[in-house]
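Computed from the coordinates by the stated procedures, all read-outs in this text should not be read as laboratory data. Bear in mind that the values here come from a model prediction, so they are computed numbers and not experimental data. Backbone-built Cβ (ideal geometry, glycine too); neighbour counts: all protein chains shown.
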Amino acid sequence: DQQVKQNSPSLSVQEGRISILNCDYTNSMFDYFLWYKKYPAEGPTFLISISSIKDKNEDGRFTVFLNKSAKHLSLHIVPSQPGDSAVYFCAASASYSGGGADGLTFGKGTHLIIQP
Amino acid sequence: KAGVTQTPRYLIKTRGQQVTLSCSPISGHRSVSWYQQTPGQGLQFLFEYFSETQRNKGNFPGRFSGRQFSNSRSEMNVSTLELGDSALYLCASSWVKGVGTYEQYFGPGTRLTVT
């Protein structure tokens, strides 16, 4: 039972345009959501996170939107650059009352290809 | 600030042996988590340690164990290795940055090959 789903295995976007990566989740206990970029044989690189108390978070070219009622989040990259070509993972976690968070549950990833 | 470091980066072991992997978190981070990445299963959570205590555990057999030291460094041990344990093992350290902000950073991973 996949609790975090990234339904698009791959996405091709032209350089300079907006890349939109989507993620759906089923567990209503999740309240932290994170996006990672990953190259083969390397650890994931943290990009941006959002908690369930917000519906939008921005950091430079990256914006994450959260729609709690739809259990859906998306990562927008504007403008897309060739170096953005990688596999992007969505991850979710439930928080502790003590301030920590549960282990991350990852989606299967979306391979983003930026075309010149 | 230095990132998460893992040693060794590559390891080849024989079926039935045991292995110990090491992780040093980002300075100031007290939570360390371990993940296994395989082509078939993707990234899966193994366990998490906080202040030397295992706080959370994923769905892996008891052959997978870990510990955390007082300086927050962590080790992961796999006993009686099986061929299916071949994977990239990732360590991550995390912190609650502020109200509503949680970040988790990964190390480069240890590539374990079991023959």
Legend entry - Gaussian network model of chain B, Cα within-10 Å springs - most flexible of B:Lys13, B:Lys97, B:Lys57: B:Lys97
Legend entry - Paired Rg and Dmax values of the range B:26-115, which use every Cα atom, in angstrom: 13.4, 46
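Report the Rg/Rh value for the range B:44-93, based on alpha-carbon coordinates and the Kirkwood definition of Rh.
Values: Rg = 11.1 Å, Rh = 11.7 Å.
So for the range B:44-93, dividing Rg by the Kirkwood Rh gives 0.95.
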Legend entry - Local electrostatic count, B:Gly109, Cβ distance below 12 Å [Lys/Arg +1, Asp/Glu -1]: +2
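Grab the alpha carbons of the range B:7-78, take their convex hull, and tell me the volume per residue in Å³. Present the calculation step by step, with values, prior to reporting the outcome.
Values: hull volume 7.5 nm³, N = 72.
In the range B:7-78, the Cα convex hull volume per residue is 104 Å³.
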Legend entry - Most mobile of B:Tyr35, B:Tyr49, B:Tyr102 in a GNM of chain B (Cα contacts under 10 Å): B:Tyr102
Legend entry - Among B:Gln41, B:Gln68, B:Gln17: highest mean-square fluctuation, GNM of chain B, C-alpha pairs under 10 Å: B:Gln41
Legend entry - Cα-centred dipole magnitude for chain A, charges only on beta-carbon of K, R (+1) and D, E (-1), debye, nearest 20: 140 debye
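Take the residue pairs A:Lys38/B:Lys57; A:Lys38/A:Lys68; A:Lys56/B:Lys97 and return only those whose Cα atoms are more than 21 Å apart.
On the way: A:Lys38/B:Lys57 24 Å; A:Lys38/A:Lys68 26 Å; A:Lys56/B:Lys97 17 Å.
Among A:Lys38/B:Lys57; A:Lys38/A:Lys68; A:Lys56/B:Lys97, the Cα-Cα distance tops 21 Å for A:Lys38/B:Lys57; A:Lys38/A:Lys68.
Dipole magnitude of the protein assembly as shown about its Cα centre, charges +1 at Lys/Arg Cβ and -1 at Asp/Glu Cβ only, in debye to the nearest 20?
Working: 22 positive and 16 negative charges, 51 e Å.
About 240 debye.
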Legend entry - Neighbouring partner chain Cβ atoms per residue of A:33-43, average, 10 Å criterion: 4
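Just want the ordering: B:Cys91, B:Cys23, from fewest to most Cβ atoms lying within 10 Å of their own Cβ.
Values: B:Cys91 29, B:Cys23 26.
Ranked by crowding around the Cβ, least crowded first: B:Cys23, B:Cys91.
Give, as a single signed number, the net charge of other residues whose beta carbon lies under 10 Å from the beta carbon of A:Pro44, with Lys and Arg counted +1 and Asp and Glu -1. Please report the intermediate quantities before stating the final value.
On the way: positive: A:Lys37, A:Lys38; negative: A:Glu42.
It works out to a net charge of +1.
Once the other residues with Cβ under 14 Å from the Cβ of B:Gln36 are scored (Lys, Arg +1; Asp, Glu -1), what is the net sum?
Surrounding charge for B:Gln36 is 0.
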Inset, instruction - Report Rg/Rh for chain A, rounded to two decimals, where Rg is the Cα radius of gyration and Rh the Kirkwood radius. - result: 0.96
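Whole number please: convex hull volume per residue, Cα atoms of the protein assembly as shown, in Å³. Could the numbers behind the result be given before it?
Numbers: hull volume 29.0 nm³, N = 231.
Spelled out: Cα convex hull of the protein assembly as shown, divided by residues, is 126 Å³.
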